[in-house]
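For reference, the structure is listed below as structure tokens.
The values are calculated or read from the model by the stated rules, or taken from the named source; none is laboratory data. These figures come from a predicted structure and were not determined experimentally. Ideal geometry is used to build each Cβ from the backbone, glycine not excepted, and the neighbour counts take in all protein chains shown. For the accessible areas, the whole protein counts, side chains as well, though only heavy atoms, and no ligand, DNA or RNA atoms are used. Shrake-Rupley method; radii C 1.70, N 1.55, O 1.52, S 1.80 Å.
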Amino acid sequence: MPVLYHGTSFGYATAMAGPPAVGTIDITRGEGEFGQGFYTQKSSSNAARRGQGIYGQNYGILVLTIDDQAYHGLRFKRLTLRMVQRLDARLKNNHTKHIYTTAHDVMVGPLVGEPKIEQKKFQTVNAQTLINGPQTQRTAT
């Protein structure tokens, strides 16, 4: 089962974890190097560093444990560092980070500033349904 982390405030992490049994992760709120979506990574310490950098001591981490079969049923787009650099530059120049998505459920690639860290952006209704639904365990720390 994939385990992914999202650094944020403790209040947001708690709200996204629930209850209710269905989470409240909204793919339309976030924007980053790949455009609009909900960003995660495999490293809890990197997620904590991100959350703490934005929210100080009020940071939290949302932990997603996703059913393996459901996760691998998503449509993925993998980006190289060069592809991420070009995409990020284009979105900045066009001021479209808040709206850019593709037809893929998840985009995967390195952070521009820290290429050893891989990020995953969930960006479709299908992906949002999975991470909010019963096939994903959500906890806040």
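A few notes on this one:
- Selection count, region 41-55, where residues are within 17 Å of K121 (Cα to Cα) and surrounded by 15 or more Cβ atoms within 10 Å (Cβ to Cβ): 7
- Residue match in region 101-113 (condition: at pLDDT below 95 and surrounded by fewer than 12 Cβ atoms within 10 Å (Cβ to Cβ)): yes
- Taking first residues from region 119-135 that are more than 17 Å from I99 (Cα to Cα) and partners that are open to solvent by 50 Å² or more (accessible area, probe 1.4 Å) and of a type in the set (S, T, N, Q), the Cβ contacts under 9 Å between residues at least 6 apart in sequence or on separate chains come to N132/T24; Q135/Q69.
- Top-ranked residue in region 56-76 [being in a helix (DSSP H, G or I) and over 15 Å from the mean Cα position of the chain (by Cα); ranked as surrounded by the most Cβ atoms within 10 Å (Cβ to Cβ)]: A70
- Only one of the numbered conditions (1) within 23 Å of T65 (Cβ to Cβ); (2) out of contact with any strand residue (DSSP E or B) (no Cβ under 8 Å at 6 or more places or on another chain); (3) part of a loop (DSSP other than H, G, I, E, B) is violated by T129, and that is (3).
- Test: residue in region 97-104 that is within 19 Å of Q135 (Cα to Cα) and either in a loop (DSSP other than H, G, I, E, B) or without any contact (Cβ under 8 Å) to a residue 40 or more places away in the chain (or both): no
- Members of region 18-40 that are crowded, with 20+ Cβ neighbours inside 10 Å and within 16 Å of I66 (Cα to Cα): G23, I25, F38, Y39, T40
- Out of L87, L79, L130, sole residue that is open to solvent by less than 20 Å² (accessible area, probe 1.4 Å) and in contact with a Ser or Thr (Cβ under 8 Å, 6 or more places away or on another chain): L130
- Note on region 114-127: residues that are among the hydrophobic types (A, V, I, L, M, F, W, C) and surrounded by 20 or more Cβ atoms within 10 Å (Cβ to Cβ) amount to 2.
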